[in-house]
Amino acid sequence: MSRIMSFLHIPPKLKPYLTRNFARTEWMRYRRDHNREWFRAVSAIIHLDIRLIVSAVVLWIFTLAAMYHGTFQPYKYYVLVAISLLGIITITLNTFYGRKIAHILCPILGQFMFIMLLVTLQAVLLMLTGTDSSRTTLRDAEGASLRITGVIREIRPLDSHTNMIILSTDTAQYRNLRAPIHEDIRIYNNTKKQQLTPGTRVNALGTLENKGTTAFLKGASIFPQPNQNLEHTHALNTRMRDYARRHLDAETTALLLGTAYGDDSAMPNTSKENYKLSGLSHLTAVSGANIAIIFMAGYRFGILVRVPRRLMIGMGITAVVLYSTILTFEGSVIRSILMGSLGALAMLRGTGRNTLSALATTIVCCLIAAPKLAGDLGFVLSTVATASLIALGPSLTRLLMRVLPHTLAELIAASASASLWCTPVILGISGKIPLYTIPANMLAAPLTAITMFAGLAAFLSYSINFTAITDIALILGRIPAQGIEYIAKYFAHAPANPLNVDVTLASVAFAGVTVFAGSLLIWLWDYRIYKRELHLDYVRIPGTRHVTSTHRQ
């Protein structure tokens, strides 16, 4: 080999790459790095701290009841139940003071007091921020003719003739009464009669109808207010959409901008249906997946520049904060930012340590910042998906890493765990289960990141008038976007998709039990491998004693 290289006059720098041991060396290096990643993934415990989970669930139930019936009604019953339970616990502690049962009841009493404080704080905030009075006004105006004033926050095309307008309302007038109201009201508008844009301030007149926590204005007439300037972000989004449409078709434009910052208004209805049936509808909205990609990008950049681990997490958070500056801070965006960052952190750390407590804290923060999320199905799906990344994702990643590279195992585990746990919720909502969600998300995931960053590059360069870079970004983003379009169309029309099931309590319960059984099998399989490879605690519950030994030789 050396004679051949000397005869061909190969440069010295290339000689190591042509030796017979090069492939073996590179393979051994890959295996060493892979094993290091696997041991990092299994080196931690699953930290089952469910104390804050109970508080978050109670706060969620109370907030949902307050949105439906007003703050005072559920809070009155809550106080009665709380005082009764507090009295029972206090009497029991006094009776059995110093015994074993007292040591068990003391932490329960502290947990109970914290829940009381949390619910009371939420009740006070609902009344001080005007949310309670706004909900009361909407309940009282049910079926009445209502005149509202507000700003168009979003326009969603439903078909070729109808748009659904989401109006952020300031004031409402009915029955000679005028009241401030801070709620989102949905209006159906004919696109041929009026051309409206987000950011426009309007007056609307129609009949109010409440469906759950969502308010609709039926038969509404909309009157735009004259002499107004659109908000800079909305105007920039409109110009960016029009510019992209001159270079790309409607579906590619909607996908490119939708993955970047949630603007999918240009997408045809047939394409939207394809994305729903293939389980990819989350790609064209600001979801936790967007935030997770941004967080992981900042975190991985920290790995490249070799900064300390805590600083890597800070770089991921900084990337999310910078990304959020081009978004509108509404309830769904707040939910996506918090849930996406938490889910990405759980997957990157490869452990459930403290992340259950972090999930509960995130739920509490979301409900306090935006109480309307208590009745939002998107919030339910985000919570379930994030919980799956925390509880099931690391175990599934460890199992897949035995046969796949770490990055690919992480990608498949995230998609599979979220799809599995969200199945009962999707079944209860629509009665349709997309059968090919996991393979569709696996194939679309690498293309989604490229499409998202291309859309962000196009938006940022267009905002500073670097249209040459905008054109390049649109061209580069077209190829992966068209790949995602093909994936969505293929799996939407795949055999037996979707699975139609009658929505009953029994069917939803059966789906939930099946998902739990599948998750339990994954945990048990991971547990056997974990205990065989390492003499470490697989699960640790706070307040219990554990003996942890070192890795066996």
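Rule-based calculations on the coordinates, nothing more; no lab input. The shown structure was predicted, so the numbers you read here are calculated from the model rather than taken from an experiment. So basically every Cβ, Gly included, is an ideal-geometry build from the backbone, and we count neighbours across all protein chains shown.
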Report task. Take the cross-link list Lys432/Lys489; Lys211/Lys372; Lys211/Lys489; Lys372/Lys489 and give me the ones stretching past 23 Å between alpha-carbons. Result -> Lys211/Lys489; Lys372/Lys489
Report summary line: What one gets for the stretch 140-229 as the Kirkwood radius, inverse of mean 1/r over different Cα pairs in Å, is 13.1 Å
Query raised in the report: Sorted from fewest to most neighbouring beta carbons within 10 Å, what does the list His282, His182 look like?
Result: His182, His282
**Report entry** Estimated distance in nm for a label pair at Asp242 and Lys76, the labels positioned 7 Å out from Cα along Cα-to-Cβ
**Finding:** 5.5 nm
Report task. Could you please rank Lys372, Lys211, Lys432, placing first whichever residue has the fewest other Cβ atoms within 10 Å of its Cβ? Result -> Lys211, Lys432, Lys372
Report task. Evaluate the distance, in nm, between pseudo-label points positioned 7 Å from the Cα of Thr214 and of Val501 along their respective Cα→Cβ axes. Result -> 2.2 nm
Report task. Would you please give the FRET efficiency between Leu377 and Ser84, computed as 1/(1 + (r/R0)^6) with r the Cβ-Cβ distance and R0 = 22 Å, to the nearest 0.05? Result -> 0.05
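Return the equivalent ellipsoid semi-axes of the stretch 368-460 as a descending list in whole Å, where each equals the square root of 5 times an eigenvalue of the C-alpha gyration tensor.
24, 21, 14
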Query raised in the report: Which one of Ser168, Ser221, Ile185 has its Cα pushed farthest toward the positive end of the charge dipole of the stretch 163-223, where Lys and Arg give +1 and Asp and Glu give -1 at the Cβ?
Result: Ser221
Report task. Give me the number: length gained by fully extending Tyr174 to Leu158, i.e. 0.36 nm times residue separation minus the C-alpha to C-alpha distance, one decimal in nm. Result -> 2.9 nm
Query raised in the report: Mind listing P(r) for the stretch 461-540? All alpha-carbon pairs, 10 Å bins, whole percents.
Result: 13, 17, 18, 20, 22, 10
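Taking the convex hull of the alpha carbon atoms in the stretch 51-133, what volume per residue do you get, in Å³?
In the stretch 51-133, the Cα hull volume divided by residue count equals 76 Å³.
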Requested in this report: For Phe223 paired with His182, estimate the spin-label separation in nm (one decimal), with each label point 7 Å from Cα along the Cα-to-Cβ line.
Outcome: 2.7 nm
**Report entry** trypsin sites (Lys or Arg not before Pro) within the stretch 237-296, DSSP loop, no more than 15 other Cβ atoms inside 10 Å
**Finding:** Arg246
